[in-house]
Every structure is written in structure tokens, then in C-alpha cells.
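J.: Before we start, here is the structure in question, set down as C-alpha cells.
The values are calculated or read from the model by the stated rules, or taken from the named source; none is laboratory data. Everything numeric in this text was worked out from a predicted model, so none of it was measured. Don't worry about glycine lacking a Cβ; one is built from the backbone with ideal geometry, like all the others, and counts go over all protein chains shown. Note: areas computed on protein heavy atoms with side chains; ligands, DNA, RNA excluded. Shrake-Rupley method; radii C 1.70, N 1.55, O 1.52, S 1.80 Å.
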Amino acid sequence: MKIAIDISQIVYEGSGVTLYTRNLVESLIQYDQKNKYVFFFSSLRRSLNKEIESIISKKQTIKKYPFPPTLLDFIWNKLHIFPIDHLIGKVDIVITSDWTEPPSSAKKITIVHDLVYLTYPETLPQKIKDAQTRRMNWVKKESDLIIADSQSTKKDLIELLKIADEKIKVIYPAVIHPKYEYSPTPQDTQIILNKYKLTKPFILTVGKQEPRKNIPRLISAFQNAKLKNIDLVIAGARGWGDSLKQIDNVRHLGFISDKELYTLYSSALFFIYPSLYEGFGYPVIEAMNMGCPVATSNTSSLKEIGKDACVLFNPYNKEEMTQSLVNLSVNKQLRQDLIKKGLQRALDFSDKKFAQQWLDVFDTFYDYR
């Protein structure tokens, strides 16, 4: 069978969608021995990561098109003309990405990571909300199957868009890849801590600066906790929303590399993720896999993926968040228990399980006789 996958989102570093797309490419190439793939992407100015391009080129086909996302939104989401078949050739299945929904004569599978544009529209720019609205209208009409990142996202698809239950399948993203397993040495760790001048015990959080990530409320809860000689470290690219003020014991690192992030996970007193809504929540599983205790929101997919392996709190309740910060800071035994549970929970998000579930989906579309 020949399968085309839009990987356009892979060129935008620092997002969960980017990580999902990269892991999808690498997992299928590693574990699928029978299907042929056409990986295609469009970008006017950005280039594909050389390592990913090399991985694809060794076994599969890659096609690149110099079209800006806004143009493709107009052609495919708004006018819905010019089938993708003209660019990729004849295939059996087309898997669409996070931004556009092109017409095609092939079977169509669509990945939906979240429905932020409906659940928290005030946290997104208008152009993104408009594009997602147009895209999802075509998804409802044309997609043969929708892959959701979590049961929470599936529930949103059913309740908010009235999509039939049987048309949606949940496949948890791959988070754990042997290729990317990283155990920083004491020397590596000290280099990173020195680089960012982290001399005190610290609580770590991560995420692009945007209203949905709930960082201002976390900072306020941290100030209320009055934790002596403990810093709150915030890692993540600048996004939009209110700018974060400089506050004592609160450190803003900006965007950091994966290895730096994994080192901070393994060095932190604990990790806290106060997001209001997530279709999934990569940092929660990443932290668990690095042996870092986790506290996170009891909303959307975060409660679902965290289960009993983390401390849960209401992300709208500053006092509840403050109490979680205090409890984890002073209770060493609680942190040790969460480390054990987290390491076990992280095993449910392997690249092999991820690939096998995708292969099972492909098997339901065509008979291999």
C-alpha cells in the first residue's frame, strides 16, 4: 500500500505538533516493512531538518513544495480545489496534518491534536481560528477516519463537532524513543546548570508563552507558597499574551534545546504543568521518563495521561496550585513515590506501540490478500 503523509508541521520547532510529526515519521520508517510512504511538506522559507530528511530519503520518498501556509489555507481550506493527488501522485491513503485539508481521491485519515480553537478561542489569533474552522468543516465531510491524541480530544470531537464515535480512534503519541534516550552525566548536568546560573533547588515548568499555558497564575501561586531558597524555572519560547515580569526567584530561560530540557527534568525538584487545556501533554510524560516527579492540571487530557502517577490540581484555583507546590517541595517521600509511578507510566508511550497502532489502522482500510 502507498501512503502519503503531510509533515509540514515538522519544520516548526518547539511545539507538540512538531514532536508528534517527527515521531510519526521515524516510528513508521523503523517498524513498517511492507508499506511505501510519500512524505510531503510545504513551506516558503523553512527547511526540513537535515537528519529527518536523511532518514526519509534512505527508504522512502520525500516531496517539498515552496508554498506558504496562508496560500494553502486559501486553496484547500477555503476554495477546496486542486487535489493533493496532482502533487504527490496516486496513493491509497492520504494523512493530513495540522493546518490544511486538501481534497483527494484517496482514502483520507486526519490527525486532530486538539480543539483549542473551540475550547479556548480567546487564546488563539483570529487567523488560526478561521483556518481551523475551515479545515474542520472539510474533515467532517471527507475524512474516513480521525486520529485523536487522547480520549479527551475524542470527547471534544463528539460533543463540539458532532462527529460519530466510530469515526474516531485514539492513538497516544510516541514520547519514548530509544534513539532519544538521554542520561546526562554529572558533568553534563553541571555544565547546563552553570550555563543558566541555576545554583538553587528549582521547580521546572515548560511551555510557549501564551494564555492557555497559565504561567502568570503559576507565578502568583509560587509567590504565595513562599518557598525559601527554591527557584521557579520557566523554559519555553516566547508566544503571545501578557509579557512575564521579572520576579525574584523566578527564572525565564526562553527556548532551550532538547538535551538541555532533559537535563533540567532530571535535575529539578519536581515538574509542574499548569496548562488550562491540552490535546495531549508531552512534557508530562517526558518529565516522568526522566525520573522527575510531576504535578499537573486535572483538566482535559492531562488528568487522563497523568493518572495516579502525578499530583493533580485545579489550574483555575491559585490556592490549590499553591498547596500542590508546597506539598511537593516539603514531602520527599511523595516525590520518591511519584518518580516510581511516573517511570512506569511513561512506558505506555513508546514508539513501538505508537507505530503498531498506526499499522493496525492501515490494515483496517485495505485487505492485504
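J.: Just to be sure, is LEU115 under 23 Å from the mean Cα position of the chain (by Cα) and either under 19 Å from ASP149 (Cβ atoms) or open to solvent by 60 Å² or more (accessible area, probe 1.4 Å) (or both)? Walk me through it before giving the result.
T.: Working: under 23 Å from the mean Cα position of the chain (by Cα): yes; either under 19 Å from ASP149 (Cβ atoms) or open to solvent by 60 Å² or more (accessible area, probe 1.4 Å) (or both): yes.
Answer is yes for this residue.
J.: Keeping to the range 120-146, report how many residues are among the hydroxyl-bearing types (Ser, Thr, Tyr) and modelled with pLDDT under 95.
T.: Number of matching residues: 2.
A quick yes/no check of all residues on (1) open to solvent by 50 Å² or more (accessible area, probe 1.4 Å); (2) under 30 Å from TYR265 (Cβ atoms):
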site: PRO121; (1), (2): no, no
site: GLN126; (1), (2): yes, no
site: LYS154; (1), (2): no, yes
site: GLU159; (1), (2): yes, no
site: ILE168; (1), (2): no, no
site: ILE171; (1), (2): no, yes
site: THR199; (1), (2): yes, yes
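J.: Now a separate question. Taking the condition of being among the small types (Gly, Ala, Ser), under 21 Å from VAL94 (Cβ atoms) and surrounded by fewer than 14 Cβ atoms within 10 Å (Cβ to Cβ), how many residues in the range 42-70 meet it?
T.: Counting residues in the range 42-70 that are among the small types (Gly, Ala, Ser), under 21 Å from VAL94 (Cβ atoms) and surrounded by fewer than 14 Cβ atoms within 10 Å (Cβ to Cβ) gives 1.
J.: Quick one: which strands (runs of 3 or more DSSP E) lie wholly within the range 1-110 and hold at least 1 residues that are among the basic types (Lys, Arg)?
T.: Passing ranges, in order: 2-6, 36-42, 61-65.
J.: Follow-up. Which members of the range 22-31 meet the condition of being open to solvent by 10 Å² or more (accessible area, probe 1.4 Å) and in contact with a strand residue (DSSP E or B) (Cβ under 9 Å, 6 or more places away or on another chain)?
T.: ILE29
J.: Tell me, yes or no, whether the range 280-289 has at least one residue that is over 21 Å from LEU347 (Cα atoms), within 18 Å of the chain's Cα centre (by Cα) and either crowded, with 22+ Cβ neighbours inside 10 Å or modelled with pLDDT under 95 (or both). Please lay out each step first, then the result.
T.: Filtering the range 280-289 down to residues over 21 Å from LEU347 (Cα atoms) leaves none.
So far as the range 280-289 goes, no, none of its residues is over 21 Å from LEU347 (Cα atoms), within 18 Å of the chain's Cα centre (by Cα) and either crowded, with 22+ Cβ neighbours inside 10 Å or modelled with pLDDT under 95 (or both).
J.: Would you be able to tell me the number of residues in the range 229-243 that are closer than 21 Å to LEU264 by Cβ and modelled with pLDDT under 90? Please lay out each step first, then the result.
T.: Narrowing the range 229-243 to residues closer than 21 Å to LEU264 by Cβ: 229-239.
With modelled with pLDDT under 90 added as a condition, the list becomes 236-239.
Selection size over the range 229-243: 4.
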